[in-house]
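Colleague: Next up is a structure, given as structure tokens.
The values are calculated or read from the model by the stated rules, or taken from the named source; none is laboratory data. Treat the numbers as computed from the prediction; the structure is a model and nothing was measured. Here the Cβ positions follow ideal geometry from the backbone for every residue, glycine too, while neighbour counts run over all protein chains shown.
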Amino acid sequence: MSHGHRHGHGHHHHHPGGGDSSSLPPALDMSVSDEELTPSQLSRRSMLRRTGLLGAGLAAGSVLGGAGQAAAAAPASHGSNSARSGGYLWLAGDHHIHTQYSSDGKYRVIDHVRQANAHGLDWMVITDHGSEEHARIGVEKVNPDIVAARRQIDDTLVFQGLEWNIPAAEHGTVFVHPGKNEVAVLKEFENSFDGAVKKATGNTAANEALAIAGVNFLAEQVRRRKVADVLFLANHPARKGIDSPHEIRAWRDAQPTIAVGMEGAPGHQAAGLPAPQGPGSGRGYYDNSPGADSFPGYPLESYRTWGGFDWMTATVGGLWDSLLAEGKPWWITANSDSHSVYADSAVRGPNSDFKADGRYNDPVYGGGLNLADGDYWPGQYSRTHVGAVDFSYKAVMDGIRAGRVWVDHGGLISGLDAQLRCGGKAVTLGGMLQVRRGSQVDLVVEISLANGPNWAQFLPALARVDVIQGDVTGRVADKDTFITPSTRVVKSFEVNKSTGSVRLTHSLGRVDKPVYVRLRGTDGNRGAVGLRGAAVDPAGPAMDVLGDADPWKDLWFYSNPMWVLPA
């Protein structure tokens, strides 16, 4: 396969800092026994253990053992767009896409791959719905189309996955590294653990256990080397209120290298366009009310999007932050969930029999614009940018697992380079900066502004960037916790230019306790006081109005967090 990349879009590279275990403070260096520590060092280590940042299972997903290792990366190479030595390629992608092999889809694999490529994506995942038809024949039938698309368009990486009906919960993306067993592993997983196939959708303890068994099965396939890698991400988690906080924590805790995150922003972003020129629904089709299986603690506002983002992500001090405050890596993404594209003219192929064939016939020209459809093509509106060491399937999966991810809507910005720095050490998104207690730590952010008109034919303008910071307070006693009190917007930068790049710096001061920071930016068109009050979030996203939410008039970007761990 040739990896010469011919897109016109730029790749933005990153310089991670070094730092190995030999430079760790003794309290963090687990090769140093407790007995060798001074009383103050031992006290520090004990405190970190209580927060959950040190202790058993470090390498399996704590912020120290997992994400912190993101600092060590090989030089990247990607055709003429090679990163500088030691840097990352920032590859844009989409992990949630449906084809004619979904009961509510219609497009061919190659249609989506061509569109994704044209809209500047480097990687994508085909995720047809888990169903009896898909489990029986669809997962096999789609594979030759994916393999052919990989050959035809060799500068976009095309993963095979599926949209898992998570037992007792919502949907999720499951995808595997390409290989000879990709179909066999996905087929066995779907037949054994899909909630729709197994009639296990209800909110019961047995169904929740089946979901955990499914995640454990995926990990076992990697351990047995049936597939080189596999990832699971929760899709549109707040849409129906059925992904309870304790379920999300349980997935992550069961297999923290497999269950790594959730959609921070759902697809279906055109669904909020007002009728008759649009579907007149809610962005993401977030237009629901609580149901019998919904978690009763969620407020009514959780069933709506906020600036196009899921309530779990958009609420400063909310559910996402409650996980980060535990020291749990849990990353966010954004994608299209593309089924039926707004203003496209295709219709399903005539004389289709999905139940018998596991697919619809190839789409045909329909003679008019589909203004009631709520989706965009992959890359047309939503993008997930992953810091990869090279242009490969492995590097994309490694980058997602490490949390080197930022997301944007509508091409609001074209690049984000964020680092936490202390002395000669630095980490990027998803990273863990290990410092001595009381060290001065600085956040340095370089943003490449929009580099051309988006699909809606205007040049987006970034108006403001917010720094969100929270204390790491350790494991929660109540697994259904979805707030954390210490997280808030600590700094806002007004951006007064529309082209080129901006450099922002913010001092965290002398850090004497574990903290994390994350970034958010907006075009400034819509805003509201955050759900937890002005002292926490004075100008966050506003709740999207059902039937009147033009996604192009309310653009945001979000980054994944970085931690500081002093000792």
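Colleague: Hey, ILE97 hits all of (1) modelled with pLDDT of 95 or more; (2) surrounded by fewer than 19 Cβ atoms within 10 Å (Cβ to Cβ) but one; which does it fall short on?
Modeller: Result: ILE97 passes all but (2).
Colleague: Take the conditions farther than 20 Å from GLY120 by Cβ, at pLDDT 95 or above and of a type outside the set (Ser, Thr, Tyr) and apply them to VAL444. Does it pass?
Modeller: yes
Colleague: Checking SER498 against (1) at pLDDT below 95; (2) of a type in the set (Gly, Ala, Ser); (3) within 25 Å of the chain's Cα centre (by Cα), only one condition comes out false. Which one?
Modeller: Unmet for SER498, out of (1) at pLDDT below 95; (2) of a type in the set (Gly, Ala, Ser); (3) within 25 Å of the chain's Cα centre (by Cα): (3).
Colleague: Right, something else. Pairs only if they're at least six apart or on different chains, beta carbon under 7 angstrom, first in the range 527-541 and within 18 Å of VAL517 (Cα to Cα) and among the β-branched types (Val, Ile, Thr), second at pLDDT 95 or above and assigned to a loop (DSSP other than H, G, I, E, B); list them, first residue then second.
Modeller: Cβ pairs passing all conditions: VAL536/VAL316; VAL536/GLY317; VAL536/GLY530.
Table: residues versus (1) of a type outside the set (Lys, Arg); (2) surrounded by fewer than 24 Cβ atoms within 10 Å (Cβ to Cβ); (3) farther than 30 Å from PRO566 by Cβ; (4) over 19 Å from the mean Cα position of the chain (by Cα).
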{"site": "GLY368", "(1), (2), (3), (4)": "yes, yes, yes, yes"}
{"site": "ASP373", "(1), (2), (3), (4)": "yes, yes, yes, yes"}
{"site": "GLY379", "(1), (2), (3), (4)": "yes, no, yes, no"}
{"site": "VAL407", "(1), (2), (3), (4)": "yes, no, no, no"}
{"site": "LEU412", "(1), (2), (3), (4)": "yes, yes, yes, no"}
{"site": "ARG437", "(1), (2), (3), (4)": "no, yes, no, yes"}
{"site": "ASP442", "(1), (2), (3), (4)": "yes, yes, no, yes"}
{"site": "ILE447", "(1), (2), (3), (4)": "yes, no, no, yes"}
{"site": "ASN451", "(1), (2), (3), (4)": "yes, yes, yes, yes"}
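Colleague: In addition: From the list ALA275, ALA219, which one is assigned to a loop (DSSP other than H, G, I, E, B) and over 20 Å from SER336 (Cβ atoms)?
Modeller: Sole residue among the options that is assigned to a loop (DSSP other than H, G, I, E, B) and over 20 Å from SER336 (Cβ atoms): ALA275.
Colleague: Residues to consider are GLY374, GLY387, GLY349; find the one that is of a type in the set (Gly, Ala, Ser), at pLDDT 95 or above and under 17 Å from ASP145 (Cβ atoms).
Modeller: Unique residue meeting the criteria: GLY349.
Colleague: If I ask for residues that are in a helix (DSSP H, G or I), small (Gly, Ala, Ser) and over 17 Å from the mean Cα position of the chain (by Cα), which ones from the range 294-340 would you list?
Modeller: Answer for the range 294-340, where residues must be in a helix (DSSP H, G or I), small (Gly, Ala, Ser) and over 17 Å from the mean Cα position of the chain (by Cα): SER302, ALA325.
Colleague: Among the residues of the range 510-542, count how many are within 26 Å of PRO485 (Cβ to Cβ) and surrounded by 20 or more Cβ atoms within 10 Å (Cβ to Cβ).
Modeller: Within the range 510-542, residues that are within 26 Å of PRO485 (Cβ to Cβ) and surrounded by 20 or more Cβ atoms within 10 Å (Cβ to Cβ) number 16.
Colleague: Anything in the range 219-243 that is small (Gly, Ala, Ser), surrounded by fewer than 24 Cβ atoms within 10 Å (Cβ to Cβ) and touching a residue at least 60 places away in the same chain (Cβ under 8 Å)? List them, or say none.
Modeller: Listed by number, the residues that qualify are ALA228, GLY241.
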